[in-house]
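Data first, discussion second: the structure below is written as structure tokens.
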Amino acid sequence: MLAIVIITLIVVGVCLNHIVKKGVETYGPRLTRTSVALDSVDLSLLTGSAKVKGLAVGNPQGYQTPQSISVGLIAVGLNPMSVFSRKVVIRSIRIESPNITFEGGLAGNNLTQILNNVKSTGQEGGALSTNAATAPNSEKRFEVDDLVVTSAVVQVYINGSGMAKPQVISLPPIHLTDLGMDGDGITAADLTEQILSAISSATLETVVQTAASLDKSSANLKQIRQRAVNQFGNTVSNFLNK
């Protein structure tokens, strides 16, 4: 009997790998309105772990660089049985060494455009359902207890800078906790929005800080600060005032 259970879990896990990969590549573009591709998903229901390899998120139309975010490996720990319920409980997500591209300026750039796309899709009711033909009642919801982004590198292409090569900057670690813990959890759109918002905010903060160190002009610096605050509110404002 135990052998049957183990074999069943392995077979189901293999099937889920394909389902998860297809789901990300199907619904990801609907949320971000960019291309989204994965190399592979390796989900083990026996250990409650998953590895997502080769995530690549494209850029919206009008931007020259091919990708906004690429990640070689994302490690996920989850409650394995929750994948069969409406609320998937994810204990941890570890995103290591993502490569991020910032193209544009503080008044408008690829990252904020993607974030705005996700927000508008969520408001329109873009659902990640177990069956595309069913109503939003079938939409999967999520809980993420702990999420960490480490060793992120940003390629910065500023409009009008005349830079032949991007400036490369490093981001401080990003740490999010207790996402969707209350009630029925949060939707895929909400979860994506919170993660992208944290990455975009951290990127803008670092770009602003770098610009401030390179440009001592009080007029330009004041303009840079105000644009960042207008886009991300008190988070950036508090950072700049440190």
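Just a few scattered comments:
- Overall form of region 14-125 per C-alpha gyration tensor (a/c, 1.5; a/b vs b/c): prolate
- Cross-link pairs exceeding 18 Å in C-alpha to C-alpha distance, out of K51/K119; K53/K87; K53/K119; K87/K119; K22/K51; K51/K87, comprise K51/K119; K53/K87; K53/K119; K87/K119; K51/K87.
- Cut-off 13 Å between beta-carbons: net charge of the residues surrounding E96, Lys and Arg +1, Asp and Glu -1: +3
- Charge tally around E143: other residues with Cβ under 12 Å, Lys/Arg +1 each, Asp/Glu -1 each, net -1.
Every read-out reported here was derived from the displayed coordinates using simple, explicitly stated rules and does not represent laboratory data. For clarity, every value in this text was computed on a predicted model and none was experimentally measured. Using ideal geometry, Cβ is built from the backbone for each residue, glycine included, and neighbour counts are taken over all protein chains shown.
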